[in-house]
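Structure first, then comments.
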Amino acid sequence: MSTVIELDEVRYDAEDVTGRLALSLSVDAGDSVVLLGPARCGKGLVLRLCAGLLVPKEGTVRVLGQDPAAPGDDQVVEFRLRVGVVLQPPGLLSNMTAFNNVALPLRYHSGRDDEDIEAIVLPLLTRLGLASIRERFPSTLIFGEAKVVALARALVMEPEVLLLEEPAAGLDAESSARVTAVLQEERARRPLTVLATLSQPSPFQDVADRVIYMRNGKVVAAGRRTDLLSSATGDLLAYLGP
């Protein structure tokens, strides 16, 4: 199985108090991996490095075989379409409805007409429980709703990789379970690699192929959640949940 995401002996020292990294990790094609740990443990830095928003001080970062911070000029758009990113805050465009935020990538990059776009976007919104808010603007959405709209926008072009920062944040139990189910359906339907961060127990880690627990910018433990639970103690046990 090929490696889709790789951080090789990466070091990153933030200029502010957001943390630092000194680690290596990899994610194989089609896997779902969750980064767990306290605030400022470095998990958010990992996502931003993989999204090309940060550049490591040392080491290399490769996503889909490319340096995400420096794809070739003729590869920038292609790379961005292959990698869906949802960070905090969700980054919705304030002058567009939820529907139009999700439809935006299709309008710019697919060449489809409005009828085809609606046939793609509306079922996706329905699956994610968002059909009733399709005409609302971001300023009228609660945080959890905005996060799920941003996820729909990231999914609509069917990327090969999803980078998700705290996907359970702001979601109630029903919404969290629904989002988890949709991601599992997408992974079953097509090759999709997911790297997500979590700060508390969530259904996302229950279905992950691997959980990586981080502290102080380093990997402390890694494995399937059930395997880690059998030997976990202290703070790791608290993050893994019951």
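Every number here is computed from the coordinates shown, using simple stated rules; none is lab data. In this text, all values refer to a predicted model and were calculated from it rather than measured experimentally. FYI the Cβ positions are ideal-geometry reconstructions off the backbone, even for glycines, and counts take in every protein chain you see.
Can you tell me which residues in segment 183-201 are touching a Ser or Thr at 6+ places or on another chain (Cβ under 7 Å) and closer than 16 Å to Val148 by Cα?
From segment 183-201, those touching a Ser or Thr at 6+ places or on another chain (Cβ under 7 Å) are 187, 194; that's our starting set.
Within segment 183-201, Val194 is the sole residue that qualifies.
Among the listed residues Ser32, Ser26, Ser2, identify the single one that is farther than 18 Å from Ala221 by Cβ and of a type in the set (Ser, Thr, Tyr).
Ser2
Give me a count of the residues in segment 153-198 that are touching a helix residue (DSSP H, G or I) at 6+ places or on another chain (Cβ under 7 Å), of a type in the set (Lys, Arg) and surrounded by fewer than 23 Cβ atoms within 10 Å (Cβ to Cβ).
Total meeting the criteria: 0.
For residues in segment 24-47 being in contact with a Gly (Cβ under 7 Å, 6 or more places away or on another chain) and not charged (D, E, K, R), which is farthest from Asp13 (Cα to Cα)?
Per the criteria, the residue is Cys41.
Give the residues of segment 211-227 that are buried (at least 19 other Cβ atoms within 10 Å of the Cβ) and under 15 Å from Ser32 (Cβ atoms), sorted by residue number.
The answer is Val211, Ile212, Arg225.
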